[in-house]
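Asker: Encoded as structure tokens, here's the structure I'll be asking about.
The values are calculated or read from the model by the stated rules, or taken from the named source; none is laboratory data. This one's a predicted model, so the numbers in the text were calculated from it and none came from an experiment. Calculation scope for accessible area: heavy atoms of the full protein, side chains included, ligands and nucleic acids excluded. Shrake-Rupley method; radii C 1.70, N 1.55, O 1.52, S 1.80 Å.
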Amino acid sequence: MDEIQSASGQVRGGDSSDRFVDIVLAVAEFRDVDPLELPPIGEVIDTDALDKVLDTEPDDTTFDVSVAFGYADCFVTVYSDGTIDVDSMP
């Protein structure tokens with residue numbers, strides 16, 4: 001988890017072992033702001049619920065899972081494989 005592509009707004013993993021830190025860092029990079037300027041991510045999404053949805057153990061019947069939400073004027077999609085997409089709000 002170390003490849004970051006911010007030109008397209010897509011992040012594959014990140015340097016952190018915490019997906020929420022990765023989300024905040026990806027949004028901060030996309031918006032070109034300091035991560036500390038962003039609101040706490042727990043104010044916009046239930047982090048425990050997101051973990052439960054994305055941490056489902058894969059098997060032959062499991063599909064890739066993604067969750068999308070608005071955060072800091074961005075549209076964020078987080079995938080079960082660790083990919084984070086950040087785009088401007090539509």
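Asker: Can you run phi through the Karplus equation (6.51, -1.76, 1.60; θ = phi - 60°) for segment 42-51 and list ³J(HN,Hα) in whole Hz, with x for Gly and Pro?
Answerer: x, 7, 10, 8, 6, 5, 5, 5, 4, 4
Asker: What are the residues whose amide H is under 5 Å from the amide H of residue 44, where those residues sit 5 or more places off or on another chain and H is modelled from the backbone?
Answerer: For residue 44, no residues qualify.
Asker: With all protein chains present, how much of the accessible area of segment 31-90 (probe radius 1.4 Å) comes from carbon and sulfur, to the nearest whole percent?
Answerer: Carbon with sulfur: 49 percent of the solvent-accessible area.
Asker: For residue 75, list long-range residues whose amide hydrogen, built 1.01 Å from N in the peptide plane, is under 5 Å from its own amide hydrogen.
Answerer: Close amide H contacts, sequence-distant or interchain: 87, 88, 89.
Asker: Shifting gears a bit: Which whole-Hz couplings ³J(HN,Hα) result when phi for each residue of segment 74-86 is put into the Karplus expression 6.51 cos²θ - 1.76 cosθ + 1.60, θ = phi - 60°, listed in order with x for Gly and Pro?
Answerer: 10, 9, 10, 10, 10, 10, 5, 7, x, 6, 10, 9, 10
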